[in-house]
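Worksheet: one structure, shown below.
None of the figures in this text is laboratory data; all of them are computed from the coordinates on show. Since this is a predicted model, take the numbers as computed values, not measurements. Note: ideal-geometry Cβ built from the backbone for every residue, glycine included; neighbour counts use all protein chains shown.
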Amino acid sequence: MANTATKIDWDCAATKKHIKEAKAVGLTLIGVGSSRHHRTYQFLECGHSQEIALAHVRDERFICNTCEETSLDHPSNVYLLKIKTAELTWLKVGYAKNVVSRVRGYTLVKEASYRTIKTIKFTQGRDARDFENMVHNKYRKKKLLRQRMRKYHLREGYNECYPMRMLDTLMQELEAKEKELKR
């Protein structure tokens with residue numbers, strides 16, 4: 001039997017995979033959803049239940065709508081990436097709970113590759129966001145033109161890119177913040 005919006009085959013490999021993914025992010029799969037792409041989950045921490053897209057569980061992009069906490073209340077990261085194509089190599093500063101998922105959201109051109117140079121963990125997303133904004137405001141005149149970067153970031157992330165000559169400066173900012181957070 002296949003999984004549908006009205007029935008779940010609890011013994012099939014796909015459901016077992018969904019159960020494992022849910023457990024890894026603090027959820028329990030408890031039932032069907034409104035489509036084949038959604039399921040109902042219970043939060044292990046608070047006990048509330050809600051429908052969540054399977055992809056959002058996989059990428060850990062969800063919150064308890066009853067508790068009303070947002071991603072800004074949960075741990076997050078500020079990251080520095082080096083992104084490369086045949087034509088250009090650049091730096092990208094951003095913040096996200098899940099860096100890999102965030103990079104997927106950029107929809108980089110197919111030939112692009114990236115490497116995470118530095119990641120700093122923050123206990124709250126709002127602190128990560130505020131630090132990221134401070135960096136972008138401080139170095140706004142050094143950013144690569146967003147019109148140029150839209151050629152490589154097809155959907156998102158094109159506004160916070162820097163030339164490679166900014167590597168040492170950005171690393172100093174991130175390392176200073178990391179040192180401050182460890183105090």
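Computed as a quarter of the hull surface, the mean projected area of the alpha carbon convex hull for the stretch 1-69 stands at 4.2 nm². Extension gain, Lys84 to Lys23: 0.36 nm times the residue separation minus the Cα-Cα distance gives 18.4 nm. Label zone (Ile30, point 7 Å along Cα-to-C-beta; backbone nitrogen cut-off 14 Å) within the stretch 57-81: 64-67. Per-residue Karplus couplings for the stretch 26-43, computed as 6.51 cos²θ - 1.76 cosθ + 1.60 with θ equal to phi - 60°, are listed in order as x, 10, 10, 6, 10, x, 6, x, 7, 8, 5, 9, 10, 9, 9, 10, 10, 6 Hz, Gly and Pro entered as x. Taken about its Cα centre, the stretch 1-69 carries a charge dipole of roughly 340 debye when the Cβ of each Lys and Arg holds +1 and the Cβ of each Asp and Glu holds -1. Between 0 and 90 degrees, the angle of helix 13-24 with respect to the longest Cα principal axis of the chain falls at about 60 degrees. Summarising the amide proton neighbourhood of Lys118: residues at separation of 5 or more, or on other chains, whose placed amide H is nearer than 5 Å comprise Leu80. Evaluated with a Cβ-only charge set (Lys, Arg +1; Asp, Glu -1), the stretch 111-162 carries a dipole of roughly 260 debye about its Cα centre, given to the nearest 20.
Close Lys pairs in the stretch 37-121, defined as Cα atoms under 15 Å apart and 8 or more places apart or on different chains, number 7. Projecting label points 7 angstrom from Cα along Cα→Cβ for Gln172 and Gln124 puts them 3.0 nm apart. Might you list the cysteines of the chain that have no disulfide-compatible partner by the rule of another cysteine's Cβ under 4.7 Å? So far as the 4.7 Å Cβ criterion goes, Cys12, Cys46, Cys161 stand without a partner in the chain.
Relative contact order for the stretch 1-69: what is it in percent, counting Cα pairs under 8 Å that are at least 6 residues apart?
Numbers: 102 pairs, mean separation 16.0, N = 69.
Relative CO of the stretch 1-69 lands at 23 percent.
Evaluating 6.51 cos²θ - 1.76 cosθ + 1.60 at θ = phi - 60° for every residue in the stretch 141-151, the Karplus couplings come out as 6, 9, 5, 6, 4, 4, 4, 5, 6, 4, 5 Hz, glycine and proline recorded as x. When the Cα atoms of the stretch 73-182 are aligned to their principal axes, the ranges along those axes come out at 38, 26, 20 Å in descending order. When the chain is treated as a GNM with alpha-carbon contacts under 10 Å, the residue of Ser101, Ser113, Ser76 showing the greatest mean-square fluctuation is Ser113.
Per-residue Karplus couplings for the stretch 48-62, computed as 6.51 cos²θ - 1.76 cosθ + 1.60 with θ equal to phi - 60°, are listed in order as 6, 10, 6, 7, 9, 5, 4, 5, 6, 5, 4, 9, 6, 10, 7 Hz, Gly and Pro entered as x.
The GluC sites (Glu not before Pro) of the stretch 51-120 meeting both criteria, a DSSP state outside H, G, I, E and B (loop) and at most 16 other C-beta atoms within 10 angstrom of the site's C-beta, are Glu60, Glu68, Glu69, Glu87, Glu111. Distances between placed amide hydrogens fall under 5 Å for Asp9 paired with Asn3, Thr4, all partners being 5 or more residues away or on another chain.
Please give me, ordered by residue number, the trypsin sites (Lys or Arg not before Pro) of the stretch 138-174 that lie in loop per DSSP and have at most 11 other Cβ atoms within 10 Å.
When the trypsin sites (Lys or Arg not before Pro) of the stretch 138-174 are filtered for loop state and at most 11 Cβ neighbours within 10 Å, Arg155 remain.
For the pair Lys182 and Glu111, label points projected 7 Å from Cα toward Cβ lie 4.0 nm apart.
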